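So the structure is just underneath, and the comments pick up after that.
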């Protein structure tokens with residue numbers, strides 16, 4: 001196998017599954033995993049840079065960051081009704097939002113699909129947008145759902161939180177609890193396919209528009225630009241949707257449902 005730099009093929013194959021690019025022992029590293037690792041390292045470096053740049057007397061950049069932070073805390077507090085929950089949500093939400101947006105945008109870079117490894121007559125792309133891989137978005141969904149469960153246990157206590165799902169006070173409450181438990185798992189599916197579907201469809205759209213431009217309208221190189229701007233906008237929206245759904249679910253998980261399953265009072 002050899003790495004090559006080529007123009008995007010007009011007959012490029014669109015693969016739903018991420019393609020393996022190399023192996024680390026028994027671990028198969030796919031192109032989406034490689035891109036995700038690069039983005040993760042970039043976010044860690046950015047976080048360390050911001051931390052070192054913080055000063056007692058804030059500058060313009062720090063003021064903007066603090067404005068975003070306080071705005072997020074205020075919005076999260078209104079949704080969850082608990083400022084402590086809002087503060088606990090911020091590190092996870094801001095990390096997930098930045099990772100999702102950068103992953104979505106990475107699929108618009110020219111190197112996606114144009115740099116790869118030749119395997120016979122097929123060019124395997126070296127890079128792929130992480131959120132266009134169903135495995136990545138399932139992992140993000142699992143992290144979100146698991147973190148929501150953690151917040152529920154932390155702010156309500158393990159016994160009280162588990163009572164939401166396993167309530168043996170009556171058959172009706174037990175059935176409702178099982179439905180709520182099933183709903184927690186269905187969120188993984190809803191998170192995953194919403195994000196994956198939008199990002200993968202966007203990449204297919206861009207590929208088709210580029211192909212049509214190269215074959216039918218090479219004299220209009222700016223034809224794909226509106227679609228790029230659309231995908232930039234959609235990339236941000238998908239990050240916001242994921243973030244706000246996590247906030248809403250965290251608000252539901254941390255709300256005190258003690259009265260909702262209480263036995264009705266019997267008048268004496």
Is it fair to say residue 33 is touching a strand residue (DSSP E or B) at 6+ places or on another chain (Cβ under 9 Å), within 16 Å of residue 127 (Cα to Cα) and in a loop (DSSP other than H, G, I, E, B)?
no
Just give me the residues in the range 47-62 being surrounded by 10 or more Cβ atoms within 10 Å (Cβ to Cβ) and farther than 20 Å from residue 99 by Cβ, in sequence order.
53, 54, 58, 59, 61, 62
Filtered residues of the range 155-164 (kept if in a helix (DSSP H, G or I) and either touching a helix residue (DSSP H, G or I) at 6+ places or on another chain (Cβ under 7 Å) or touching a residue at least 60 places away in the same chain (Cβ under 8 Å) (or both)):
155, 156, 160, 161, 163
Run down 84, 96 and say which single residue is more than 23 Å from residue 205 (Cβ to Cβ) and more than 13 Å from the chain's Cα centre (by Cα).
84
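To keep it simple, each residue is scored yes or no on (1) surrounded by fewer than 13 Cβ atoms within 10 Å (Cβ to Cβ); (2) over 15 Å from residue 112 (Cβ atoms).
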residue	(1), (2)
182	yes, yes
187	no, yes
194	no, yes
203	no, no
209	no, no
212	no, yes
223	no, yes
230	no, yes
235	no, no
Would you confirm whether any residue within the range 78-97 is modelled with pLDDT of 85 or more, loosely packed, with under 14 Cβ neighbours inside 10 Å, touching a helix residue (DSSP H, G or I) at 6+ places or on another chain (Cβ under 8 Å) and assigned to a loop (DSSP other than H, G, I, E, B)?
yes
Residues (at pLDDT 85 or above and not in a helix (DSSP H, G or I)) located in the range 165-186:
165, 166
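The values are calculated or read from the model by the stated rules, or taken from the named source; none is laboratory data. Bear in mind the structure is a predicted one, so any value in this text is a computation, not a measurement. Every residue, glycine as well, gets a Cβ built from its backbone with ideal geometry; the counts of neighbours run over all protein chains shown.
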